[in-house]
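Working notes for the structure below.
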Amino acid sequence: MDIIKNMGLSKKLIGGVLLLLLLVSVGIGTVSFYQASSALQNQVETNIPLVAKDGANIVTEVLERHLATVSVLAENPDIKSMDWEKQKKALVEMKQENAYLKQYLGFGIVSPDGSLRVPSGDTSQVGDRSFFKSAMQGNTNLSDVLISKILKSPVMVIATPIRNERGEVTGVLIARLNAEWLSKVTDGIGFGEQGYSYIIDGKGTLIAHGNRDFVLNQTNFIEE
């Protein structure tokens, strides 16, 4: 009988020890899980801003290169002449002879009254556009991303002042650029296996996204 009692007591002790070990293991596992989750969250919170900063630096570098390019083109003597025939010839020749300039959709000259002329012969009025007003004040700048109804793609306009020999602004040189390159930049930026990036403008409108329809439709989830 004593042996039987001792065996029952041993089983209870073993069961208690196993239960204690199980509880300890569960506790350690739970603590480890939360520590790992916290570490992962901290890593994400630390790294994502760095990824976003790198993406912003890429976009800024490309934009600054375009702004500098158009500014240099405005120094061409034929462009500065404000003689349309000379300007037209120069715009056509520059794009034909310079492989780098072929990435631009087209160039145009805007007179002080806001009349835009392009080599194809088309004309339009852009006097109310902010990029024109800023250029007339002496600033090389670019427009917000616009959706071209003809091309059915996002475009941006780069505008730079044309100055005479006295440094006075006598007109504006503009260059149209396909803005889909922004989405190509974000296509290459992500975090983890399913992370992705996008760009919104100052109003919250998507101007770069893996889903190109969001860009073409100028989707603004902040407003929606």
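The values are calculated or read from the model by the stated rules, or taken from the named source; none is laboratory data. Note that this is a predicted model, so its numbers are computed, not measured. Surface accessibility is based on the protein's heavy atoms, side chains included, excluding ligands, DNA and RNA. Shrake-Rupley method; radii C 1.70, N 1.55, O 1.52, S 1.80 Å.
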| Karplus couplings for segment 85-97 from phi (6.51 cos²θ - 1.76 cosθ + 1.60, θ = phi - 60°), rounded to Hz, Gly and Pro as x? | 4, 5, 5, 4, 4, 5, 4, 5, 5, 4, 6, 6, 8
| request: Enter the accessible area of Thr170 (Å², nearest 10), with the probe set to 1.4 Å and all protein chains included. | output: 30
| Ranking by accessible area, most exposed first, for Glu45, Glu224, Glu180 with a 1.4 Å probe | Glu224, Glu45, Glu180
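Under 20 °C and 1.002 mPa s, how fast does segment 104-175 diffuse according to Stokes-Einstein, given a Kirkwood radius computed over C-alpha pairs? Answer in µm²/s, whole number.
It comes out at roughly 172 µm²/s.
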| query | Taking a 1.4 Å probe, which of Asp201, Asp213 shows the most accessible area, and what order do the others take after it? | reply | Asp213, Asp201
| Can you give the accessible area of Asp113 in Å² (nearest 10), computed on protein heavy atoms with a 1.4 Å probe? | 100
| query | Under 5 Å between amide H atoms, partner at least 5 residues away or on a different chain: which partners does Gly106 have, H built in plane at 1.01 Å? | reply | Arg176
